[in-house]
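My questions will all concern the structure given below.
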Amino acid sequence: MPHLASETASLEEQLQGWGEVILITDKVLRWERAWFPLALMSVVSFSFLMIYYLDPSVLSGVSCFVMFLCLADYLVPALAPRIFGSNKWTTEQQQRFHEICSNLVKSRRRIVGWWKRLFTLKEEKPKMYFMTMLFALAVIAWIGQQVHNLFLTYLIVSFLLLFPGLNQHGIITKYIGMAKREINKLLKHKEKKNE
């Protein structure tokens, strides 16, 4: 596996044309201003309302989404320097861009690691793998049957976009801590009953 620094440098080079846009997106996703979560959810909600209103077929929706990505991939590197003036990059901006790229590489490595662990489980404990996969996929299928596809996608996209800000402001850590305390209380209460 290539070294983290070389992977990060390679990603920085690939995303250099997107630097300014990535930095602005990072600020919005981390909620550097109090109104960023509201703006973020407004854009997401408007986008999903338009999809709901237009009701495109899957093929049309995927085609339009990929067309939008292609346009962005062509226009952003060409227009970003004119709009933002990339010669104005400070050391702080370069350092933050490096941190973002490093975090992206680490996230990709984690996902690949989970994927490899899943296949290791398949080889070492096939029955456990089979039962876990069957249960997890049955739960996902049940949720998919209970909740409308577009609304479920809206919830997932909203959570993924709000996650960096929730994490940055300690909200996730706070609620995970509360859940752990409650679970510990229940376990201690159960132990006392058993004694």
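At 0.36 nm per residue, and after removing the present C-alpha to C-alpha distance, how many nm does the segment from residue 120 to residue 150 gain when stretched out fully? Write out the running numbers ahead of the final one.
Details: separation 30, 0.36 × 30 = 10.80 nm, distance 3.41 nm.
Taking residue 120 through residue 150 to full extension adds about 7.4 nm, to one decimal.
On the accessible surface of region 88-195, probed at 1.4 Å, how many percent belong to carbon and sulfur atoms?
After summing per-atom areas, the C and S share lands at 65 percent.
Continuing with this model, one more query. Give me the percent of Cα-Cα pairs in region 1-94 that sit more than 21 Å apart, rounded to a whole number.
That tail contains 54 percent of the Cα-Cα pairs.
With point charges of +1 on the Cβ of Lys and Arg and -1 on the Cβ of Asp and Glu, referenced to the Cα centre of region 1-99, which listed residue (54, 3, 38) lies farthest in the positive direction of the dipole?
Positive-most Cα among the choices belongs to 38.
Calculate the FRET efficiency for residue 14 and residue 193 from the Cβ-Cβ distance with a Förster distance of 45 Å, rounded to the nearest 0.05.
It comes to 0.20.
Hey, another quick one. In sequence order, what are the phi-derived ³J(HN,Hα) couplings for region 14-19 according to the Karplus relation 6.51 cos²θ - 1.76 cosθ + 1.60 with θ = phi - 60°, rounded to whole Hz, with x for glycine and proline?
5, 9, 4, x, 9, x
Then there is this: Of all the Cα-Cα pairs you can form in the chain, what percent are over 20 Å apart? Could the numbers behind the result be given before it?
Working: 14110 of 18915 pairs.
Considering the chain, 75 percent of its Cα-Cα pairs are separated by more than 20 Å.
Okay, next question. In square angstrom, what is the accessible area per residue of region 39-195 with a 1.4 angstrom probe? Mind dumping the intermediate values first?
Working: 13240 Å² over 157 residues.
Ligands and nucleic acids excluded, the figure is 84 Å² per residue.
Work out the length of the dipole vector of region 1-62 about its Cα centre, built from +1 on the beta-carbon of each Lys and Arg and -1 on the beta-carbon of each Asp and Glu, and round it to the nearest 20 debye.
On the way: 3 positive and 7 negative charges, 58 e Å.
So the dipole magnitude of region 1-62 works out to roughly 280 debye.
When the chain is fully extended, how far beyond the present Cα-Cα distance does residue 65 get from residue 96, taking 0.36 nm per residue of separation?
8.3 nm
The values are calculated or read from the model by the stated rules, or taken from the named source; none is laboratory data. Here the structure is a predicted model, which means the values were calculated and not measured. Neighbour counts run over all protein chains shown; Cβ positions are idealised from the backbone, glycine included. Side chains are part of the model used for accessible areas, which takes the heavy atoms of the whole protein and leaves out ligands, DNA and RNA. Shrake-Rupley method; radii C 1.70, N 1.55, O 1.52, S 1.80 Å.
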